[in-house]
Amino acid sequence: MELKEEFQEAKAWVEESFHLNVSGEASLFEVNIRYIGGLLSAFYLTGEEVFRVKAIKLGEKLLPAFNTPTGIPKGVVNFKSGSNRSWGWAVAGSSSILAEFGSLHLEFLHLTELSGNQVFAEKANASPAHAVTGQAKPFPSTAETSIWLRRRVLRAGILAIVRNIRKVLRKIHKPFGLYPNFLSPVSGNWMQHHVSVGGLGDSFYEYLIKSWLMSAKTDTEAKDMYYEALEAIETHLLNVSPGGLTYIAEWRGGILDHKMGHLACFSGGMIALGAADAKEEKRAHYRELAAQITKTCHESYARSDTKLGPEAFWFNSGREAVATQLSESYYILRPEVVESYMYLWRQTHDPIYREWGWEVVMALEKHCRTEAGFSGIQDVYNSIPNHDNKQQTFFLAETLKYLYLLFSEDDTLSLEDWVFNTEAHPLPVNHSDSSSRARGQL
């Protein structure tokens, strides 16, 4: 994008001011997808060594989160003490979140390759004994953590970390083949039977198909898990409204909530992305399903006064694809709908997706632009916007990036060579070839 001066400023800040020896807690999930994902992308796109070094060091800071009996990480880690805990709101502080511990694989595999250390992959996937016996080797006391971890990184391996997560999930019983959102990192059991392709579950499914693609289609375990999960979702969660709109409901112990969150609107793009590698007799079906879900998400935008979509929309009482209460009517610059537009455009080149994308651009300009940047709005059904005065970081990382790619040529970060993590940071499929071709695109 020729923002070379801005890039140099950012690089200098990372090199000189991005310090990791800090006290305080951090989210395993957010640090991984935003910080590590961004640093990895910056390295692959530019070859600047500072980004690789910072990504690896930051990855090491996250490892104490995996100090649990099952190897399933807790959601919060203290960078100074090495202690960990689950989020207090996650089933009374007893659970890890599917979308959080299930969205590590892409970044941790790259940390493995760039560091030469297998511990990252070990954590994202730990040894079979951990999954079978539930006896993960404990992390040492706080005073020993730093030295022990570095030795452990050298000896064992990042890769088994993420592999252990898959082993636990493959072993555990899944109701009707579905993956609930809350899992105990102590017992390895589900804590609630709430299933959602939106918040709490979303990127777990995304990382399965993207792990298959990023591996140059060699990670057959990820592929199998993805299509098995998608089949269960289609069987038990997929619905068509009386008005003909296809949507993915949420499941609570066998009872459906006939709503779809904005976060779930990434699924149209995900299904389109994975359609080509499905069984031959399912490929056309998945392409059509992806288009129908994306159409539904577009309708959630089209049926608002601002032409921006609400946080969640329902299908009940004769109302379809609209929020039913003010607490779900806000828009915080989320990317998932334009993300699906981008993938459907790249797959089909149907001009409707660029038309819909341009509608979003115009709505953002009209209702969200302020003197200082872009702001979310509190009610998409009010044509006179009430700004929340927040520009979310994912607006730059995802929403604007996907819009840029929607109107770019297909060889700009080609889907043949790159996979986007759940924060839209591109990671190469063929590391050496892709990174060398892409350098200079910034």
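Where does each of 269-281, 329-341, 11-23 land if you order them by average Cβ count within 10 Å, highest first?
329-341, 269-281, 11-23
Taking the inverse of the average 1/r across all pairs of different Cα atoms in the range 73-119, what Kirkwood radius in Å do you get?
In the range 73-119 this quantity evaluates to 12.2 Å.
For the chain, which whole percent of the accessible surface, found with a 1.4 angstrom probe, sits on carbon and sulfur atoms?
52
With a point put 7 Å past each Cα toward its Cβ, work out how far VAL361 is from ILE255 in nm, to one decimal.
Going by the 7 Å Cα→Cβ label model, 4.6 nm.
What is the range 9-109's relative contact order, in percent, from Cα pairs under 8 angstrom and six or more apart in sequence?
On the way: 129 pairs, mean separation 29.4, N = 101.
Relative contact order comes out at 29 percent.
Suppose each label sits 7 Å from its Cα in the direction of the beta carbon; what would the ARG319-GLU416 distance come out to in nanometres?
For the pair ARG319/GLU416, the computed spacing is 4.7 nm.
For LYS390 and VAL22, FRET efficiency with R0 = 30 Å and r from the beta-carbon atoms, rounded to 0.05?
0.80
Take the Cα atoms of the range 29-83, find their three principal axes, and give me the spread along each one in whole Å, biggest first.
Projected onto its principal axes, the Cα set of the range 29-83 covers 39, 18, 15 Å.
I need the P(r) histogram for the chain: all alpha carbon pairs, bin width 20 Å from 0 out to the longest distance, whole percents.
26, 59, 15, 0
So for the chain, taking the charge dipole from beta-carbon charges (+1 Lys/Arg, -1 Asp/Glu), which of GLN8, ILE271, ILE255 sits furthest toward the positive end?
The listed residue farthest towards the positive side: ILE255.
Past the 19 Å Cα-Cα mark, which pairs from LYS61/LYS210; LYS11/LYS57; LYS11/LYS123; LYS223/LYS282? Could you put the intermediate results ahead of the total?
Numbers: LYS61/LYS210 25 Å; LYS11/LYS57 16 Å; LYS11/LYS123 29 Å; LYS223/LYS282 14 Å.
Where the Cα-Cα span goes over 19 Å, the pairs concerned are LYS61/LYS210; LYS11/LYS123.
In deg cm²/dmol and to the nearest 500, what is the mean residue ellipticity at 222 nm of the chain if only DSSP H runs of at least 4 residues count, each as -39500 (n - 2.57), divided by the residue total?
Taking each H run of at least 4 residues, the total per residue is -13500 deg cm²/dmol.
Determine the gain in length on full extension of the stretch ASP350-LYS174; use 0.36 nm per residue of separation and subtract their C-alpha separation, reporting nm with one decimal.
59.6 nm
The values are calculated or read from the model by the stated rules, or taken from the named source; none is laboratory data. Not measured: the values here are computed from a predicted model. Backbone-built Cβ (ideal geometry, glycine too); neighbour counts: all protein chains shown. Ligands, DNA and RNA are excluded from the accessible area calculation, which covers all protein heavy atoms including side chains. Shrake-Rupley method; radii C 1.70, N 1.55, O 1.52, S 1.80 Å.
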